Structure formats: C-alpha cells, structure tokens
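The values are calculated or read from the model by the stated rules, or taken from the named source; none is laboratory data. Here the structure is a predicted model, which means the values were calculated and not measured. Neighbour counts run over all protein chains shown; Cβ positions are idealised from the backbone, glycine included.
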Ligand code: MG
C-alpha cells in the first residue's frame with residue numbers, strides 16, 4: 001500500500017467518465033484525492049463536485065461561467081480559474097500525481113501534451129488525443145517518464161491480457177465492438193434514423209458524442225488507432241470483431257495459437273478502477289460481480305463494413321498517418337454535432353468525413369502546430385460541407 005494518497009486531476013469531471021472517476025475516488029478515500037477538477041461549461045455540477053470533494057482547484061474552461069463558479073465557492077478555500085491554457089498549466093503542478101483525461105474530443109490534446117511534458121501518470125480516457133496526434137504523443141513519451149494507462153475498456157482488456165507477455169509473441173489484437181444500436185438495422189433505413197434512435201446504446205451508458213460514434217462505429221475505428229499507439233502494433237494486426245453482449249472486452253491472439261480474453265460487466269467503473277490502481281494493485285470493490293448468467297451466451301460476428309464504412313475510413317487514415325487521422329477526427333466532431341442538432345442525416349456523417357479527408361492537404365510527421373492548423377481547417381471545411 002502506498003504511504004501517501006495520489007492527487008488526481010480530473011479533466012472533464014462533469015462528463016460521464018469524469019463522474020465515474022469521482023465515484024472511484026470516493027470509493028477509496030485513503031488512496032486518492034481529487035486535487036483538480038476541470039469542466040467545460042457544466043457550472044452547477046462542477047460547483048456541487050467541488051463542495052463534495054474539496055479539491056485544491058477547479059477550472060471552468062468556458063470563461064462566461066467563471067464569475068458564477070467563483071462566487072458560488074467564495075466561502076471555501078478552493079481556487080477557481082478559467083481558460084483552456086490554464087488547464088495545461090495546472091496539470092503540471094508538482095502536487096498532481098495522476099491526470100485523468102476525460103474531456104471530449106480534440107480539446108484533450110493540449111493538456112495531455114502538458115502532462116506528458118511534466119512526467120505525470122496519465123489515465124487516458126480521451127482516445128481522440130491518440131487518434132489526432134498519436135505520432136507526436138509517441139515521440140514525446142519516449143523522452144518522458146510519463147506513462148499512459150488506458151481507461152477505455154477494450155484497451156484496459158489488451159493491457160491486462162498483455163501483462164507478463166512479450167509484444168513479439170503477439171500475432172494480433174482482437175478489438176471487440178458491441179455493434180451499437182444499428183447492428184441489426186437495415187442499411188437502407190439508416191438515412192432516416194434520428195439522434196434519439198442513435199443515442200440508445202444497447203449496453204453502455206456513455207456521453208452523447210461517443211454514443212453516436214458507437215452508432216456509426218467510428219468509435220471502433222478510433223479505438224483501433226488508439227490501440228495502435230498504446231501497444232505499438234500495426235493497424236493491419238488489429239482486427240475488429242462484433243460481440244453484442246459487451247462481456248469480452250477484447251482479446252489478444254499469440255503466435256503459438258493461444259488467445260487471451262478479458263471479461264467483465266459493461267460498466268466503465270471497472271476499467272477506471274483498474275487504471276487508477278496501476279501499477280500498484282487491483283482495487284477490491286463491492287460492485288456487482290459477474291455471474292454465470294452474464295456469460296451464458298457470448299457471440300461473435302464479423303462487422304458489416306458496407307453498413308459501417310467508417311471502419312475502412314479509419315484503417316485508411318491510420319495507414320496514411322500524418323495529419324489524416326486528425327482531419328478525420330475533426331470532420332467527425334463537426335458532423336456528429338450537426339447530427340445531434342438534427343442538421344444532417346445519419347449517413348451524411350460518413351459523407352462529410354470522406355469529403356473533408358479528400359479535400360484536405362496531407363502533412364507527414366506533423367508538429368503540434370501542424371495538428372492545430374489541420375484541425376482548424378478540417379473543421380471549417382466540414383462546416384462548409386454541412387451548409388452546402
Ligand atoms: Mg471503448
């Protein structure tokens with residue numbers, strides 16, 4: 001057992017992963033302390049969390065809520081700040097031990113890079129960081145004592161299957177996917193589904209953006225790229241397999257013909273608990289445990305790549321490398337936001353991503369500034385395609 005509590009910075013504390021991370025921190029008060037909480041704009045929930053967890057500091061990224069949060073916490077000694085550059089600075093504070101990156105999309109990149117620069121332990125929930133800038137993050141990690149622990153359930157599964165193994169013995173990673181709400185839905189009818197239909201995920205309760213990404217299976221494409229960087233494996237050695245029950249969280253196939261799988265209930269608290277316990281221990285919990293009934297029927301099937309073309313788009317982007325995955329991510333963020341606002345059809349999400357990728361210039365071995373420029377330009381391009 002560690003002598004001192006780990007101080008945790010929770011970036012995106014009011015989102016789905018952030019709230020569940022705080023559940024885990026509350027479950028083990030002798031081991032963890034919420035030191036910094038960061039939210040984009042959910043001011044009331046941030047205030048409530050601050051009162052409960054008494055962090056050293058809270059940051060509300062959207063400046064228009066700054067005074068509201070500051071005034072609400074005036075009677076406490078909690079420091080209140082605002083602005084996105086403040087986040088990147090705050091995570092480097094010497095008191096911070098672990099940074100949980102649970103913000104949505106591209107917005108996680110700057111602070112993750114800052115945390116790597118400061119050699120922090122990172123529990124990575126923001127997969128877009130590795131999708132957008134995996135090449136750069138990979139280079140930065142080589143010169144840093146920082147370690148990335150995956151929070152994503154599939155990557156937590158790979159990590160657990162790989163404990164005690166050598167990467168040269170791995171033949172391939174089998175990345176499991178639930179298939180989302182439209183797995184058995186006729187392809188021809190996908191054009192008419194609504195945001196409400198797409199938000200009904202069969203197994204996982206998650207934020208709106210990732211739920212739509214699951215419905216298009218873009219999420220699985222992102223996770224393939226995430227696995228590529230986390231485990232240093234080529235995209236062609238990662239195969240996606242649809243497993244509708246979401247009990248097997250992923251599998252590793254070895255060169256001797258053996259396959260290891262990791263199982264668990266579909267509850268994000270489990271991978272968060274595992275990531276926060278690393279590298280010391282598994283955190284014992286009173287959570288609901290799996291029964292024979294939970295694993296009585298486990299099925300596997302191949303993904304329908306015609307119905308879910310973004311799987312191939314993701315492999316193509318991963319193969320191209322450079323800024324291609326960054327452009328794909330930017331177009332996806334814009335398209336998903338437009339779909340959630342009923343501005344485009346479900347199948348337009350594919351079209352906008354494909355068109356944006358076609359039209360954007362490609363940059364090899366990008367610097368941080370190249371990613372920033374590509375992201376900005378791809379967003380503008382995607383927006384103009386939506387207006388057409
Ligand atoms: Mg996942």
Legend entry - Selected residue (criterion: surrounded by the fewest Cβ atoms within 10 Å (Cβ to Cβ)) from residues of segment 204-224 that are touching a strand residue (DSSP E or B) at 6+ places or on another chain (Cβ under 7 Å) and closer than 18 Å to residue 266 by Cα: 220
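Rundown of residues vs (1) within 12 Å of the ligand (Cβ to nearest atom); (2) closer than 26 Å to residue 208 by Cβ; (3) surrounded by fewer than 23 Cβ atoms within 10 Å (Cβ to Cβ); (4) at pLDDT 95 or above, yes/no style:
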| position | (1), (2), (3), (4) |
| --- | --- |
| 226 | yes, yes, no, yes |
| 232 | no, no, yes, yes |
| 250 | yes, yes, no, yes |
| 255 | no, no, yes, yes |
| 259 | no, no, yes, yes |
| 267 | no, yes, yes, yes |
Inset, instruction - For residues that are surrounded by 23 or more Cβ atoms within 10 Å (Cβ to Cβ) and within 18 Å of the chain's Cα centre (by Cα), tally how many sit in segment 306-316. - result: 2
Inset, instruction - May I ask you to say which residue of 66, 28 is touching a strand residue (DSSP E or B) at 6+ places or on another chain (Cβ under 9 Å), surrounded by fewer than 19 Cβ atoms within 10 Å (Cβ to Cβ) and modelled with pLDDT of 95 or more? - result: 66
Inset, instruction - Could you check, for segment 356-366, whether at least one of its residues is out of contact with any helix residue (DSSP H, G or I) (no Cβ under 7 Å at 6 or more places or on another chain), surrounded by fewer than 18 Cβ atoms within 10 Å (Cβ to Cβ) and in a helix (DSSP H, G or I)? - result: yes
Inset, instruction - Return the only residue of 102, 90 being in contact with a strand residue (DSSP E or B) (Cβ under 9 Å, 6 or more places away or on another chain) and away from the ligand (no atom under 16 Å from the Cβ). - result: 90
Inset, instruction - Might you check whether a residue that is without any contact (Cβ under 8 Å) to a residue 40 or more places away in the chain and more than 21 Å from residue 97 (Cα to Cα) occurs anywhere in segment 270-280? - result: no
Inset, instruction - Evaluate the following for residue 111: is it within 30 Å of residue 374 (Cα to Cα), in contact with a strand residue (DSSP E or B) (Cβ under 7 Å, 6 or more places away or on another chain) and within 14 Å of the ligand (Cβ to nearest atom)? - result: no
Inset, instruction - Report, by residue number, each residue of segment 148-169 that is buried (at least 16 other Cβ atoms within 10 Å of the Cβ) and either away from the ligand (no atom under 16 Å from the Cβ) or not in a strand (DSSP E or B) (or both). - result: 151, 152, 153, 154, 155, 156, 157, 158, 159, 160, 161, 162
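Matching residues to (1) within 22 Å of residue 372 (Cα to Cα); (2) under 21 Å from the mean Cα position of the chain (by Cα):
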{"site": "23", "(1), (2)": "no, yes"}
{"site": "33", "(1), (2)": "no, no"}
{"site": "39", "(1), (2)": "yes, yes"}
{"site": "67", "(1), (2)": "no, no"}
{"site": "74", "(1), (2)": "no, no"}
{"site": "80", "(1), (2)": "no, no"}
{"site": "83", "(1), (2)": "yes, no"}
{"site": "86", "(1), (2)": "yes, no"}
{"site": "97", "(1), (2)": "no, yes"}
